[in-house]
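Please treat every number below as a calculation from the coordinates, not as lab data. Keep in mind that what you see is a predicted model, and the values were worked out from it rather than measured. Backbone-built Cβ (ideal geometry, glycine too); neighbour counts: all protein chains shown.
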């Protein structure tokens, strides 16, 4: 029996210009909006930063969105910015799968037989309450960050004009963790008084402001760009949100996270320096890893556990155990 073919000429799905849509079979791409229609194709800009060309006959897979994770105005602004970045043209960039996720899981269990509850994992990554606190230990860093940068304290010091005190608290939190190199902390210490004020206010806003996080994070990146003389690294941009809100935000280590994207969300847009849209994609990668780990019976405490799982199983020194090799880590 001959295989049935799709009659593309019969596709009369309306273009729905301006309507927010979602691909029925690829929800991980996020919300989309029509960019153009020509030559039997439509271009749709997706939240993950990619503009994808959909052939006639498949238009019906783009369905109107009933509920949004963010305010509509924020979603539309993100899509507009993404469309400017793509120039309205479809792009094809796929992250290479460095190793199957199952291989990562096998290496993780080999190193830590009881997973995140393994005494060796706790000693290496979380820290013993009765032992010495090291920079790699997450629990002491979390405790320090959530006390020093609590909402009431941050906002109170901004209102009272105690910017220098707040700045010192922020820098101490960053210096007490290994989530970013000490050279980044030294760069911050070089800021003058007015720059310290701007930085402190932007930190208080990105951590505890009332606007949607995308807007606050975009403004935070703009301040960092201005103060540091260039687009900030992923590590300095994401360390503080991950320490203050470890259940919802992740610290991005670009080299390992880009490799992880190959097995979780390979077609999304990722950037070398910090960017709002790419952060959302890296966050989806972290959440995808979390889901797979939970399904395998390994419940992480927070997204710092996910950060460390990705780093332990995909950094350069780990790739040899997975049968792969790659460039040096950043």
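Some observations on this one:
- Our note on the geometry: Cα centres of segment 246-283 and segment 63-83, 19 Å apart.
- Helix 193-208 and the long axis of the chain differ in direction by around 60°, with both axes built from C-alpha atoms.
- On Cα atoms only, tilt of 138-148 relative to the major axis of the chain in degrees: 80 degrees
- Mean residue ellipticity, 222 nm, helices only, the chain: the sum of -39500 (n - 2.57) across DSSP H runs of n ≥ 4, divided by residue count and rounded to 500, is -15000 deg cm²/dmol.
- Averaged over residues, the count of other Cβ atoms within 10 Å places the peptides 278-286, 114-122, 136-144 in the sequence 278-286, 136-144, 114-122, highest first.
- Principal-axis tilt of helix 234-244 within the chain, Cα atoms, nearest 10 degrees: 70 degrees
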